[in-house]
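Trainee: The structure that follows is given in the form of C-alpha cells.
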Amino acid sequence: MTIRMLPETVVNRIAAGEVVERPAAAVKELVENALDAGAHQIDVVLRDGGRTLISVTDDGCGMTADEMTLAVERHATSKLPDDDLTRVLTMGFRGEALPSIGAVSRLTITSRPRDGEAWQLLLEGGRKGAPQPASHAYGTRVEVRDLFYATPARLKFLKTERTELDHAVDAVQRLAMAYPEVGFTVSDGEKTRFACASETDLTGDEAALLRRLAAVMGRDFSENALTVDAERDGVRLFGFAGLPTLNRNTTRHQYLFVNGRPVRDKLLHGAVRGAYQDFLARQRHPLVALFVEIDPELVDVNVHPAKTEVRFRDAGVVRGLIVGALRHALAEAGHRASTTVADTALGALRPGSGLPYPGRSAYPTGGSTLPRELAEAVASYYAPVEGQIPGLDGASAAAPATVDDDAAAMAGGDHPLGAARAQVHETYIVAQTGDGIVIVDQHAAHERLVYERMKKALENGGVMRQGLLLPEVIDLDDAIATRLADRAEELSELGLVLEKFGSGAVVVREVPALLGQTDVGALVRDLADDLAEMDTALALRERLEEVCSTMACHGSVRAGRQLNPTEMNALLREMEVTPHAGQCNHGRPTYVELKLADIERLFGRR
Amino acid sequence: MKLTIERSTLLKALAHVQSVVERRNTIPILANVLLDASDGTLTLTATDMDLAITEKVDADVSQAGASTAPAHTFYDIVRKLPDGAQVEVETDAAASQLLLRAGRSRFSLSTLPIEDFPVLSGGDLPVAFSLTADELRAVIDRTRFAISTEETRYYLNGIYLHAVEADGEHFLRAVATDGHRLARVETALPAGAEGMPGVIAPRKAIAEVRKLIDETTNPVEVALSDTRMRLEFDGIVLTSKLIDGTFPDYERVIPTDNDKVLVVDSGVFAAAVDRVSTISSEKSRSIKLAVNPGSLTLSATSTENGSATEELEVGYSDSGLEIGFNSKYLLDITSQIEGDEAQFILADPASPTIVRDTADDRALYVLMPMRV
C-alpha cells in the first residue's frame, strides 16, 4: 500500500466532520463570525431544520471581493492579528468554519463593506467560483444550501427536522445570552422561533443582561435571580443565580460563558452542585447563568474544534470563585423564597362561591371608576377586621389558634415575616405582614432551623472521629489514591483520617462518629470520584449533612401539632434571623408570601 | 397425617422454629413450617435456607404423614388457644388443607407440597464436641454485642470460633468485632475440638442459638465442618451455614504494650457513664475520661444540651491522660463485666484501650477511642 497525500476536498470534508457535525454547528460558526464582525442585528433562517437552507444575515463590517475569496480558504482568517494562540480575543480564530461548511454544502456569500460594493461568491462542494458583483445592504449574508449533500453519510445521521432546529435555536440562544447588545432572530422560514431585540437602552448593563437572560431562560428566572459578582486573582465572575426554590431536574439550564464564549463544562455543574448542595435534593438543579472574564492567556480555548470546551490554567481558582460567589449570593438572599411559589399558589386560588359579606356584591369592580381617595376609603372600609381572617369558618379550621392583635406591631417593617395570626389545619401558620400575608409550613420551617443549628454545631464543635480498630484498606487507582492522600488534611477536618498505603491503596484509620457503622469503602470511592470530577469532598459533606437532616427531621415540630401564638411568633422571628430559612433541605419553600396587591387582584379589586 | 398434641408442647416447639422464618419471603415455601408425624413424635422444621431449626416433640400420632403450613399463622393460632387445650392436627385427603381442631375452634390452613421444602443438609461434619449450656451462653453473651451490622464487611457479621494454644493450654476462643471495638472470650477447649477449623458463625444463627439455650441445663452437642455447623440439645437441632470469609488477624490489633492501668468499680463506672452521656449528642455519644492518679473525671459537652461532669475514685497511679470514647461502647462492655472491678489498660488518646474483668481473665475487650 502506498502512502499518498489526500486531495484537498477530502481534507476539507474530514475537517468539516469535526467542526460541522450538525446544522446547529454551522449556525453557531456563522453567528460567531457575525459577532466577530461587529454586527448589531443577526437574522438566522433555517429551512427543514437547516438541511435545505441556513441563512445568516448580519449588519457587520462586511468583506471586499478579495477578502471574500481568501475567507473561504483553509486557515484564512481576519482574526488572531498577532498569530498568538495564547491570546484569543475573538470568538473564532481557527479559520476553518467557511471552508469546512463550503466543503460539504453549496455556500453563497454576499457581502458589502461600509465603503465598498457588494460582491457574491459561490462555493459548491469545496469548488470555488469567481466573485460576482451583487446587490446587498451593509454587512454579510451567508447562505448554506443542501448542507451535507457532499457527505451523504452525515446526512443520514441527522435527526428530525424539529430536533435539528431546536439545537440550532439553542446554539443561537447561548450566544444571545452573552451578547445582549445584539439583536437576534431565528426563523424556520415561516415562523419566528426566537427573537430578541438589541438591549441598548440606558438602564445599565445588568438590567439589559437580565432582560436578555429572561428572553432565553424565561421570566421566572429573571424574577428569581440573585446577582452574582465577584473577583479573585484577576478572574471576574458575574451573572445571575436562581433561587433554590426555582429548580429543574436537569442541569441544562446552567449556562457558563468564558470571555463571552458559551461553553459546556463539567466544572460548572460540579461547582453549582457544591454551592447549592444544602438547599436542594440531589436530583434537582438550580438555574444559573454565569459569565467568567479571565485573562485570555489563562484559558485555552483551542481544545475542541467546536470550542464548546475550554481549559483553565487554574481550574481551582475558577471553581472556588464560582462556589464562593454563589454561596455568598445565596446567603445574602437569606430567606427569600421564589416568587414562582406565590404565583403557583395564586394560580391555584379560585374565587370562592358564597359571599362572606352580603353587601360586597355592590362593590364596584375595577377601582378606576372611582376617584382615588374614595377608592382607598372604600378599600379600608372593606379591609379585614383586625384579628380575624375572612373566610375562616369553623369547618375549615377545627381549632384555629387566632392571635390577638397585641402583636400587630410585628407586622411592621422590622419583621418581614410579620405577626402570626392563626394556625390552620395544625400545619400552617398564617402571618400578617406590612403588605400582605405569609403562610408558613411549620414542619418544613422548623426542620430547616434545627438543621442550620446542627450544622453550626458541627462546624464549631468539629467532627468527632471514631478510631478504627481494624483500619480499612481500600484499593484504588494509584492516581486516585494519591489525590485522596493529598487532601488528607481537609478530609480529617471532616472526620475521615486516611493515608496512602503502598501504591494504589489508602488506609482509613478514623471515620466520622456521626456515620456510625458505615460502608467506608463506598464512601472513599464516592469521595475519590468527587475529587476527580469536581475537586471537592462533596460526598463526605453530603453524608454528614444527610445525617444532620434526618436528625433535624425527627427533632422538629411535626405537622399536626398545635402551636400557641407565642410559639408561632418565636418560629417566625427565628426564621428571620436564620440564614437560608426560605427553603427546606429539599429545595421546597418553607413559606409563601402573598402580597396584599395579589390578594386584591384575586377579589377583582384591582 | 393425623395427630393430637398438647397445646403447650406444640406452642413451645413452634415458638422455637418459627422465629427462623422471615416475615416476608420471595419463596413461598420458606414461610411454611414442615410437620412430620410418625411413631408418637411430631417433628417441626423451619428454614430460611441459611439456617434451619428442627424440633421433635411427643404427640399422639394416629396416622403418620407429613405436611407444611404457614409458620406464623400456625403459631399465632396455637398461641391464642386456651391453655391446656388438646390440638388435633389432620390433613385432608388431598393433603391441600391442614385442619386444626381445639375445643370448638376449627381452622383450615392451606399447605404447600412437602417436596418443595428445602432440606438444609448437615453434610459431613468431621468435628464434634460438647459444651455446657453455661459455657456457650457466656461465650455468646460476651461477644455478640461487638458483631458488626455493616454488610459490606460480611466476614465481621458473626462470631469467629477457633481453637488456640497459649502457654501450653488449649482454648476455644470466640472473637467478634465491628471495627470499632473487639471482644475476645476463651473457654477450655472441649474434647474433640482439637482439630476444629476456624469458623465464623453468622449473627442470625447466634441470636437463635442464644434464644434456644436460654433455659436448658443440658450440654449442647456441636458438630462442625468448614461450611456448616450443627447444634443439638433437648430434641432441637439447629443447622446453619457459616460465613464464607476470612476473619481478620485480630491478634494484631490487640495492643501488647499498653502500660497505664486504671481500675474502676464497674457498677459505679457504668452508672456514671450512663448519667454523664445523657448530655452528649444523640449520634456520636462521645464522653471524655480524664484520668489522674486516684481519680477519674467523666465529662461530656454538647452545644445543644450543655455539659456534665462526674468524678470517681479509681485506682490509678500513672501520669494523667485524657481520652474520649463512644459511651454506648463503654456501656456495652461494662455490662459484660461480672466482677466488681473493671480494668482499663491504656496507652494514649489515639491508641486502642484494653478492658478486662478483674474477676474473669477469660474475657478481653479492646476499644478504639474517639477524637475531636
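The values are calculated or read from the model by the stated rules, or taken from the named source; none is laboratory data. Bear in mind the structure is a predicted one, so any value in this text is a computation, not a measurement. In this analysis, Cβ positions are derived from the backbone assuming ideal geometry, glycine residues included, and neighbour counts consider all displayed protein chains. These area figures cover heavy atoms from the full protein model, side chains too; ligands, DNA and RNA do not enter into them. Shrake-Rupley method; radii C 1.70, N 1.55, O 1.52, S 1.80 Å.
Trainee: If you take the residues of segment B:357-368 that are over 21 Å from the mean Cα position of the chain (by Cα) and either surrounded by 22 or more Cβ atoms within 10 Å (Cβ to Cβ) or not aliphatic (A, V, I, L, M) (or both), which of them is farthest from A:Met464 (Cα to Cα)?
Mentor: Just the residues of segment B:357-368 that are over 21 Å from the mean Cα position of the chain (by Cα), to begin with: B:358-359, B:361, B:368.
Retained after the next criterion (residues that are either surrounded by 22 or more Cβ atoms within 10 Å (Cβ to Cβ) or not aliphatic (A, V, I, L, M) (or both)): B:358, B:361, B:368.
On the way: B:Thr358: 31, B:Asp361: 32, B:Met368: 13 Å.
The qualifying residue farthest from A:Met464 (Cα to Cα) is B:Asp361.
Trainee: Looking only at segment A:550-566, how many residues end up being open to solvent by 20 Å² or more (accessible area, probe 1.4 Å) and either within 14 Å of chain B (Cβ to nearest Cβ) or within 30 Å of A:Ala479 (Cα to Cα) (or both)?
Mentor: Narrowing segment A:550-566 to residues open to solvent by 20 Å² or more (accessible area, probe 1.4 Å): A:550-551, A:553-555, A:557-562, A:564-566.
From the residues that got through so far, the ones that are either within 14 Å of chain B (Cβ to nearest Cβ) or within 30 Å of A:Ala479 (Cα to Cα) (or both) too are A:550-551, A:553-555.
Qualifying residue count, segment A:550-566: 5.
Trainee: From A:Val511, A:Val497, grab the single residue that is aliphatic (A, V, I, L, M), at pLDDT 85 or above and open to solvent by less than 30 Å² (accessible area, probe 1.4 Å).
Mentor: Details: A:Val497 fails: open to solvent by less than 30 Å² (accessible area, probe 1.4 Å).
None of the others qualify; the one that does is A:Val511.
Trainee: Within segment A:572-600, can you find the residues that are at pLDDT below 80 and of a type in the set (Lys, Arg)?
Mentor: Within segment A:572-600, just A:Arg588 meets the criteria.
Trainee: Still on this structure, I have one more. Look through segment A:151-206, keep the residues that are under 30 Å from A:Val10 (Cα atoms) and of a type in the set (Ser, Thr, Tyr), and return whichever of them is most open to solvent (accessible area, probe 1.4 Å).
Mentor: Ranking the qualifying residues of segment A:151-206, first place goes to A:Thr160.
Trainee: I'd like the full set of residues that are within 14 Å of chain A (Cβ to nearest Cβ) and farther than 21 Å from B:Val261 by Cβ, limited to segment B:304-331. If you could, list the steps in order and put the result at the bottom.
Mentor: From segment B:304-331, those within 14 Å of chain A (Cβ to nearest Cβ) are B:304-307, B:323-330; that's our starting set.
Within segment B:304-331, B:Glu304, B:Asn305, B:Gly306, B:Ser307, B:Asn326, B:Ser327, B:Lys328 qualify.
Trainee: Tell me, which residue of segment A:207-219 that is surrounded by fewer than 17 Cβ atoms within 10 Å (Cβ to Cβ) and closer than 23 Å to A:Val592 by Cβ is modelled with the highest pLDDT? I'd like the intermediate steps shown before the answer.
Mentor: Restricting attention to segment A:207-219, the residues satisfying the condition of being surrounded by fewer than 17 Cβ atoms within 10 Å (Cβ to Cβ) are A:207, A:218-219.
Remaining after also requiring closer than 23 Å to A:Val592 by Cβ: A:218-219.
Values: A:Gly218: 84, A:Arg219: 81.
Filtering first and then ranking leaves A:Gly218.
Trainee: While we're here: Six or more apart or on different chains, Cβ atoms under 8 Å: show the pairs whose first residue is in segment A:160-173 and closer than 7 Å to A:Gly49 by Cβ and whose second is among the acidic types (Asp, Glu).
Mentor: Cβ pairs passing all conditions: A:Glu161/A:Asp48; A:Leu165/A:Asp188.
Trainee: If you take just the strands (runs of 3 or more DSSP E) that sit entirely in segment A:119-223, which of them hold at least 3 residues that are in contact with a Gly (Cβ under 9 Å, 6 or more places away or on another chain)? Talk me through it step by step, then tell me what you get.
Mentor: Details: elements: A:119-124, A:139-145, A:183-187, A:192-196.
Those strands (runs of 3 or more DSSP E) span A:119-124, A:139-145.
Trainee: Taking into account only those residues within segment A:516-542 that are within 14 Å of another protein chain (Cβ to nearest Cβ) and either over 33 Å from the mean Cα position of the chain (by Cα) or not in a helix (DSSP H, G or I) (or both), which is surrounded by the most Cβ atoms within 10 Å (Cβ to Cβ)? Spell out the reasoning first.
Mentor: Step one: of segment A:516-542, the residues within 14 Å of another protein chain (Cβ to nearest Cβ) are A:516-526.
Filter once more, so that each one left must be either over 33 Å from the mean Cα position of the chain (by Cα) or not in a helix (DSSP H, G or I) (or both): A:516-521.
On the way: A:Gly516: 17, A:Gln517: 17, A:Thr518: 17, A:Asp519: 15, A:Val520: 22, A:Gly521: 16.
That would be A:Val520.
Trainee: When the residues of segment A:459-473 are narrowed to those that are in contact with a Ser or Thr (Cβ under 9 Å, 6 or more places away or on another chain) and among the aliphatic types (A, V, I, L, M), which ends up farthest from the other protein chains (Cβ to nearest Cβ)?
Mentor: Kept after step one, since they are in contact with a Ser or Thr (Cβ under 9 Å, 6 or more places away or on another chain), are these residues of segment A:459-473: A:460-461, A:463-467, A:469-470.
From what is left, the residues that are among the aliphatic types (A, V, I, L, M) are A:463-464, A:469-470.
Details: A:Val463: 8, A:Met464: 4, A:Leu469: 5, A:Leu470: 5 Å.
Here the answer is A:Val463.
Trainee: Name the residues in segment A:127-150 that are open to solvent by 30 Å² or more (accessible area, probe 1.4 Å) and either closer than 18 Å to A:Ala16 by Cβ or not assigned by TED's automatic domain parsing to the domain that holds A:Ala25 (or both), would you?
Mentor: To start, the set of residues in segment A:127-150 that are open to solvent by 30 Å² or more (accessible area, probe 1.4 Å) comprises A:127-138, A:141, A:143, A:145-146, A:149.
Hits for segment A:127-150 are A:Arg127, A:Lys128, A:Glu143, A:Arg145, A:Asp146, A:Tyr149.
Trainee: Is it true that B:Tyr365 is within 13 Å of B:Ala183 (Cβ to Cβ), of a type outside the set (S, T, N, Q), in contact (Cβ under 8 Å) with a residue 40 or more places away in the chain and assigned to a strand (DSSP E or B)? Please lay out each step first, then the result.
Mentor: Numbers: within 13 Å of B:Ala183 (Cβ to Cβ): yes; of a type outside the set (S, T, N, Q): yes; in contact (Cβ under 8 Å) with a residue 40 or more places away in the chain: yes; assigned to a strand (DSSP E or B): yes.
So B:Tyr365 fits the description; yes.
Trainee: Could you tell me whether B:Ile200 is of a type in the set (Val, Ile, Thr) and more than 14 Å from chain A (Cβ to nearest Cβ)? Quick ask: steps written out before the conclusion?
Mentor: Numbers: of a type in the set (Val, Ile, Thr): yes; more than 14 Å from chain A (Cβ to nearest Cβ): yes.
So B:Ile200 fits the description; yes.
Trainee: State yes or no: is B:Ile279 outside any strand (DSSP E or B), within 14 Å of chain A (Cβ to nearest Cβ), without any contact (Cβ under 8 Å) to a residue 40 or more places away in the chain and crowded, with 17+ Cβ neighbours inside 10 Å?
Mentor: yes
Trainee: Residues that are at pLDDT below 95 and out of contact with any strand residue (DSSP E or B) (no Cβ under 7 Å at 6 or more places or on another chain): which strands (runs of 3 or more DSSP E) entirely in segment B:1-58 hold 1 or more of them? Steps first, please.
Mentor: On the way: elements: B:2-6, B:32-38, B:41-47, B:51-58.
Fully inside segment B:1-58 and qualifying: B:41-47.
Trainee: Failed condition for B:Gly267, given (1) away from chain A (no Cβ under 14 Å); (2) under 30 Å from B:Ala163 (Cβ atoms); (3) under 25 Å from the mean Cα position of the chain (by Cα), with all others met?
Mentor: The single condition B:Gly267 does not satisfy is (2).
Trainee: Applying the selection to segment A:444-454, what residues are within 11 Å of chain B (Cβ to nearest Cβ) and out of contact with any Gly (no Cβ under 8 Å at 6 or more places or on another chain)? Walk me through how you get there before you give the answer.
Mentor: Looking only at segment A:444-454, we keep the residues that are within 11 Å of chain B (Cβ to nearest Cβ), and these are A:450, A:453-454.
Selection gives A:Arg453, A:Met454.
Trainee: Please go through segment B:216-253 and pick out each residue that is open to solvent by less than 40 Å² (accessible area, probe 1.4 Å), within 14 Å of chain A (Cβ to nearest Cβ) and under 23 Å from the mean Cα position of the chain (by Cα).
Mentor: B:Gly245, B:Phe247, B:Pro248, B:Tyr250
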